[in-house]
Every structure is written in C-alpha cells, then in structure tokens.
Amino acid sequence: MKHLLKQDNQIYQAIKNELNRQKSGLIMIPSENFTSPAVLEAMSTVLNNKYAEGYPQARYYTGNQFIDEIENLAIERAKKLFQAEHANVQPHSGTTANLAIYFALLKPGDKILSLNLTHGGHLSHGSKKSLVSQIYQIVHYNVDPKTNLLDYNEIQKIAQEEKPQLIISGFSSYPRKIDFKKISEIAHEVGAYHLADVSHIAGLIIAGEHQNPFPEADVVMTTTHKTLRGPRGAIILCKKELASKIDKAVFPGTQGGPFEHIIAAKAVCFNEALTDKFKADQKQTVINAQVLAQTLIDNNITLITGGTDTHLILIDCRPLKITGKEAAALLAEMGIYTNANVIPYDANPPANPSGLRLGTPALTTQGMKEAEMKQIGLMIAALLKNPNDEKSKKQAKDLVKNLTAQFPIYKDLKY
Ligand code: DSN
C-alpha cells in the first residue's frame, strides 16, 4: 500500500492496526470470517471506477464488455452453488436485498410473518425500528418458551390466522437447524411466498451441512461475507418466474450502480465455495462449534437450546450474574471477539442483553480443530465464571498468543 502510506498516513495506520488486530485475536463473532487474499485483491481493483447500471448485455452506459463477463460469471457460479434457477448478484447488503425482495413481492400494507427480533430474527425482517414496519404489517412468531426451539405447529397456526403474503425464515442467533421445507409448505398452504434468509448458514448449505431451501422456497437471500467467506454484500436467488420482478426491484427499484469490484470478489468467493476444501471447512466449522459447545456445557455454562447444530452458540449469561455486554467486553480485553446478544424472552433490552453470541467460522478458516476448541472453551468458561481472576486472564492472553502464532492468517499480507 505504498501510495496510501505516502498520501494518507492516518488511514494507512488504522488499516494496518486493524490487520494486526485480526491477526492477533480470536475472531469469534459468528457472522465474521476471513476472506481469501484473492477475494481481497479482486475487491481492490479498477472495477470500482465503472458505472454499470442495468444488467449484463443491457446496460445504460458503454464500455461494459468486461464488466458483463465478470457479472455473468458471478451469476452462473451463484446459481450452481445453490441449485437456483436465477441469481441477482448486485445487492449491496442483506438489508437492501431484503428491501428489494419485499418491493418485488408485496404491496404497501401487505403482511409479513417473521421471527421476533429478540428470538433470533433480523432487524430487516420487520423490526419496529426498521423502515419495513412502516410500509408493511408485521406479525411475528416466537420460539417455544421452554425449549427455545422453533415450533412449526405454532408458525402454521399463526399463518392460518393472519394470512400473510410473505413468511420469512432464516435467523441471526438461532443455533439449530431450520426445516425450510416445512416453512415453504406452511407458506404455500396460506398463499404466501417463502423467503429464506440464509445469510448465516449459506456456507453450511453449500457444503450439504444444512438443508437447502430450494427447490421449495420462492426466494433465498444471503449475505456473502459470513460462512460464505466472501466480500461484504448480498445476493438474491429465486425461481425463474420471479426473476424479472426481483431484478427490477434491485435495479432500478432500490439501487443504482452496482459495485462491480465487489461482484468480481463475489465471483471469486463462489469459485472457492465450489471446491472440496471449502466444503470440508464448513463441515469442520460445525464440528468445531459442537465441540466448543460441549466443552462450555461440561464446564457449567448454560447454552440457549442446550447446544448447536450450526456454526453459532448462544450463551445465557444470567446464571453467571453478568450481562452479555460485560461478558463480551471481558473477552475482548483478552483479544477474543464475540458479541452481546438478546436471548429469547430476555428481560433485558437489546442494548444491554443477557446473551453472548459466538461462533467458529473464522477460527476454522485459520485451520483450528477440535483440540483448539476444547482449549478455547475451557478458557472462556473459566473467565466467565471468574471475571476478576487475574490468573485466568493471564492464561487466556497466553492461549490467544499461542493459537494465533500456531494458526496465522494472511501470512503474505504485508501492509
Ligand atoms: N449483523 C449481522 C450479524 O451479526 O448477524 C446480521 O446482519
């Protein structure tokens, strides 16, 4: 980054510091991951300079022959990964992708049925704070109060009573598998579309570690930077008959010029996701999460739903007599990055919730396996049970140092 170094030292230094933070800590926020250097390279290119409003072979500006080639590759690879009939690779983020999907499928005032935000849903699925709730009527389903699991009979009952036009599945802090086929059945029974927001588990689906919502779901949306390990952004996949509506809703409906440098990086990430290595990593991500969960349970840490089937774990901090924020801050002090999170039926507000969310995608990308998960689980349990114990803190810092040295990331990236 010699030009940046010369021209803007403040930004250069901050980027360098961030690289060091990522290399020297344990990244355990389950929605974060490390892209490959090839993905980073594709993002940082002259493609940034090109306007390409429209779609391949139908652009509003000249000079898009190479951009078309790139976007077509991204589309074909995305379709192949999810066995989808159509892909739109232009959405800038998961939230804008969801807005475009609502715009494509619904009229203002239509009804959306989605999971309560505090039970694992997402802001863009209809939170009161989101624009979505000002345009559409929102009704929610909850997880079962005893098990914290989805109750498909309850979802069906609410769907039959409320007759929504859209049912959303796919969540941000639900650690268990989702029966997408069942939700498609419920949706179609009441004449609703089914949108599966698989942002968290896209990599798992590609690897066959989780049920694919297709061919039953009408639309699937995923961000591209979580388990999928690509650039920040999103894609929409859908049945052929919805293709034109979805494309028009993305552009010109809710976006202008696409980010073609990001689309190129998405294409690179999709090619990586088609490999056996990627699939093996996704399998290991789930094994790692399960070993980590079991180690925590064996050391008297309470987990929401009693474990995980996926890449993420939700710790109930209430028995520890600390808040999620205190737990996350304590771990961050050791260089272990997790996030405070609401838990179902949380008496505390989202700004100060009772849960701690953590996961294994980034650690697995670094090459860590079961043995390391056991070490990390023991260390996290010791810290959370004795937040002021200086010996545990010292041991935690040493472990982070050893593991990051043993499993280095971005070895060749020298800023
Ligand atoms: N912020 C994402 C997550 O961490 O799950 C969802 O948008």
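By per-residue mean of other Cβ atoms within 10 Å, what is the highest-first order of 4-12, 197-205?
197-205, 4-12
With the contact rule set at Cα under 8 Å and sequence spacing of 6 or more, what percent relative contact order holds for the chain?
23
Pop a pseudo-label 7 angstrom from the Cα along the beta-carbon direction at both LYS397 and TYR60 and give the gap in nm to one decimal.
Once both label points are built, they end up 5.5 nm from each other.
For the pair GLU85 and LEU4, how long in nm is the line joining their label points, each one 7 Å along Cα→Cβ?
In this crude label model, GLU85 to LEU4 measures out at 4.3 nm.
Where a ≥ b ≥ c are the square roots of the eigenvalues of the C-alpha gyration tensor, would you call segment 1-101 rounded, which needs a/c under 1.5, or, failing that, prolate if a/b is larger than b/c, or oblate?
oblate
In nm, what is the difference between 0.36 nm times the number of residues separating ASN299 and LYS129 and their Cα-Cα distance?
Length gained between ASN299 and LYS129: 57.4 nm.
How do the peptides 117-130, 248-261 rank, highest first, by the average count of neighbouring beta carbon atoms within 10 Å per residue?
Averaged packing, sorted descending, gives the order 117-130, 248-261.
State the percent of C-alpha pairs, over all pairs in segment 331-415, separated by a distance greater than 20 angstrom.
That tail contains 44 percent of the Cα-Cα pairs.
In nm, to one decimal, how far is the modelled label at ASP276 from the one at PHE407, with both set 7 Å along Cα→Cβ?
A separation of 2.3 nm, rounded to one decimal place.
Determine, for TYR174, TYR415, the number of other Cβ atoms within 10 Å of each Cβ, and report the residues in order from fewest to most.
The most exposed by this proxy come first: TYR415, TYR174.
Pop the C-beta distance of ALA382 and ASN49 into the FRET formula with R0 = 60 Å and round what comes out to the nearest 0.05.
Calculated value: 0.70.
Sort out for me the Cα centre separation of segment 47-72 from segment 173-196, rounded to whole Å.
35
Quick one: 3J(HN,Hα) in Hz for segment 166-176, Karplus 6.51/-1.76/1.60 with θ = phi - 60°, rounded, Gly and Pro as x.
Ordered by residue, 3J(HN,Hα) equals 9, 10, 10, 10, x, 9, 9, 9, 9, x, 10 Hz.
Tell me the mean residue ellipticity at 222 nm calculated for the chain from its helices only (DSSP H runs of n ≥ 4, each -39500 (n - 2.57), averaged over every residue, nearest 500).
-13000 deg cm²/dmol
Can you tell me which of 16-27, 354-365 comes out highest on packing, and rank the rest after it, using the mean Cβ neighbours within 10 Å?
354-365, 16-27
Please arrange SER173, SER31, SER244 by counting, for each residue, the other beta carbons lying within 10 Å of its beta carbon, fewest first.
Lowest to highest Cβ neighbour count: SER244, SER31, SER173.
Only counting other Cβ atoms within 10 Å, I'd like PHE270, PHE407, PHE214, PHE278 sorted with the fewest neighbours first.
Listing PHE270, PHE407, PHE214, PHE278 from fewest to most nearby Cβ atoms yields PHE407, PHE214, PHE278, PHE270.
Tell me the volume per residue, in Å³, of the convex hull enclosing the alpha carbons of the chain.
Cα convex hull per residue, to the nearest whole number: 142 Å³.
Could you compute the net charge surrounding ALA293? Neighbours are other residues with a C-beta less than 13 Å from the C-beta of ALA293; K and R count +1, D and E count -1.
Once all neighbours under 13 Å are counted, the net charge is -1.
Every number in this text was worked out from the coordinates using simple rules, so none of it is lab data. Predicted, not measured: the structure shown is a model, and the values here were computed from it. Ideal geometry is used to build each Cβ from the backbone, glycine not excepted, and the neighbour counts take in all protein chains shown.
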